[in-house]
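**Student:** Have a look at the structure that comes next, please.
The values are calculated or read from the model by the stated rules, or taken from the named source; none is laboratory data. Keep in mind that this is a model prediction, so the values were computed, not measured. Note: ideal-geometry Cβ built from the backbone for every residue, glycine included; neighbour counts use all protein chains shown. Accessible surface areas use protein heavy atoms only, side chains included; no ligands, DNA or RNA. Shrake-Rupley method; radii C 1.70, N 1.55, O 1.52, S 1.80 Å.
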Amino acid sequence: MSTGIDLQESFIQSLLDIGVPLGIAKAIWMPLPMVLMIVGATVGVLICIWQERKISAAVQQRIGPEYIGPFGLLASVADGLKLVFKEDVVPAKSDVLLFTLAPVIVILPVFLSYLIVPFGQNLIISNVGMGVFLWIALSSIQPIGLLMSGYASNNKYSLLGGLRAAAQSISYEIPLALSVLAIVMMSNSLSTVDIVNQQSGYGILGWNIWRQPIGFIIFWIAALAECERLPFDLPEAEEELVAGYQTEYSGMRFALFYISSYVNLVLSALLIAVLYLGGWDFPIPMSLIASWLGVSANNPVLQIVAASLGIIMTLLRAYFLVFLAILLRWTVPRVRIDQLLNLGWKFLLPIALVNLLVTAALKLVFPFAFGG
């Protein structure tokens, strides 16, 4: 299997070639992936918002977002400018420190989770050995920020919205973690790179979705609930709780919650693409394509093509899932809070446990197919 292009090694080597000391070369490299992560996540949010407006307008036959500016881009620009220049109001008798920290605590773990998302063979900011559970640990911080925002607002509706958001997040994190544990069990690794490598070599037939269809459905439902997407947007249901924990927020503080939900949606779609849909792996094995072309799998030109295709494949799969999430918003009715909690605790959790036990049994009986 081709090892791909190592951008870090190539970048540092190019600096060494022009006489830059090794320590300085590594210091120059360190901030670059972080800047790329922030820029990439921000661009991903902008694309996601534009996609939401276009799909929603098409589904509802609304003229505005379809035709405001080229490709409907100016509607999102207008929203962004409105939030930037809107007055930042802090409620009287609120806890100003917690009120300010809450949106930061909500959005920061989501951005940090992009550290473990591989866009290609070596296109990953940090190949952490426990990458998957680092993401789960970071996502568990978010409910603290939601509770903090509701409590600090000095508003009973906000407090109820924060409590609902925390209850919803906790009830869906457990089945989500169990579905990921089944993938980890088959891959014998917690690294997202190892999980993708375990699916490679057989093209589309090697994807984990064929061996973990139940786990894929559980992960998808739990991810929608974690991102508070319809039909699970109860913490922000206007007809029930005004606007939930966001009621007293305005300006850029509100924008941080808004951005966080979209960044989290794109992140969840990327992780589903990595865990279940082969990640950067091309549906046809590159070794087979190399044999058809009569070249080596380590041919530099083929490596560049494979790296480019890997990024395109990862993003296409992720944004197809984002498209499905947006389509669900206008297809499925909102559930009640009791239905939401019952689905998480009484339905998804037992199924996720059974799925994990069945995966362990299949791993013992069919080790060649389930990573024995």
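**Student:** Pull up segment 196-212, narrow it to residues that are among the aliphatic types (A, V, I, L, M) and modelled with pLDDT under 90, then point me to the one that is surrounded by the fewest Cβ atoms within 10 Å (Cβ to Cβ).
**Tutor:** Among them, the one singled out is Leu205.
**Student:** Taking the condition of being open to solvent by less than 10 Å² (accessible area, probe 1.4 Å) and of a type in the set (Val, Ile, Thr), how many residues in segment 213-231 meet it?
**Tutor:** Looking only at that region, the number is 1.
**Student:** Any residue that is polar (S, T, N, Q) and assigned to a loop (DSSP other than H, G, I, E, B) - is there at least one of those in segment 48-65?
**Tutor:** Yes, the conditions are met somewhere in segment 48-65.
**Student:** Which of the residues that make up segment 72-103 are of a type in the set (A, V, I, L, M, F, W, C) and either closer than 12 Å to Ser149 by Cα or more than 26 Å from the chain's Cα centre (by Cα) (or both)?
**Tutor:** Phe85, Val89, Val90, Ala92, Val96, Leu97, Leu98, Phe99, Leu101, Ala102
**Student:** Any residue that is farther than 30 Å from Leu108 by Cβ, buried (at least 16 other Cβ atoms within 10 Å of the Cβ) and in contact with a helix residue (DSSP H, G or I) (Cβ under 9 Å, 6 or more places away or on another chain) - is there at least one of those in segment 40-55?
**Tutor:** Looking through segment 40-55, none of the residues is farther than 30 Å from Leu108 by Cβ, buried (at least 16 other Cβ atoms within 10 Å of the Cβ) and in contact with a helix residue (DSSP H, G or I) (Cβ under 9 Å, 6 or more places away or on another chain).
**Student:** Okay, next question. Would you pick out the residues in segment 237-253 that are modelled with pLDDT under 85 and crowded, with 20+ Cβ neighbours inside 10 Å?
**Tutor:** Leu241, Gly244, Tyr245, Gln246, Thr247, listed by residue number.
Residues are listed down the side, and each one gets a yes or a no for (1) closer than 30 Å to Ala165 by Cα; (2) free of Cβ contacts under 8 Å to residues at least 60 places away in the same chain:
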{"residue": "Ser291", "(1), (2)": "no, yes"}
{"residue": "Asn298", "(1), (2)": "no, no"}
{"residue": "Ile311", "(1), (2)": "no, no"}
{"residue": "Ala318", "(1), (2)": "yes, yes"}
{"residue": "Ile351", "(1), (2)": "yes, no"}
{"residue": "Ala361", "(1), (2)": "no, yes"}
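**Student:** Give segment 273-299 a look and list any residue that's buried (at least 19 other Cβ atoms within 10 Å of the Cβ) and on the phi < 0 side of the Ramachandran plot, or say none.
**Tutor:** Across segment 273-299, the qualifying residues are Ala273, Val274, Leu275, Tyr276, Leu277, Trp280, Asp281, Pro285, Met286.
**Student:** Moving to a separate point now. Can you tell me which residues in segment 17-26 are free of Cβ contacts under 8 Å to residues at least 12 places away in the same chain, open to solvent by 60 Å² or more (accessible area, probe 1.4 Å) and part of a helix (DSSP H, G or I)?
**Tutor:** Listed by number, the residues that qualify are Asp17, Leu22, Ile24.
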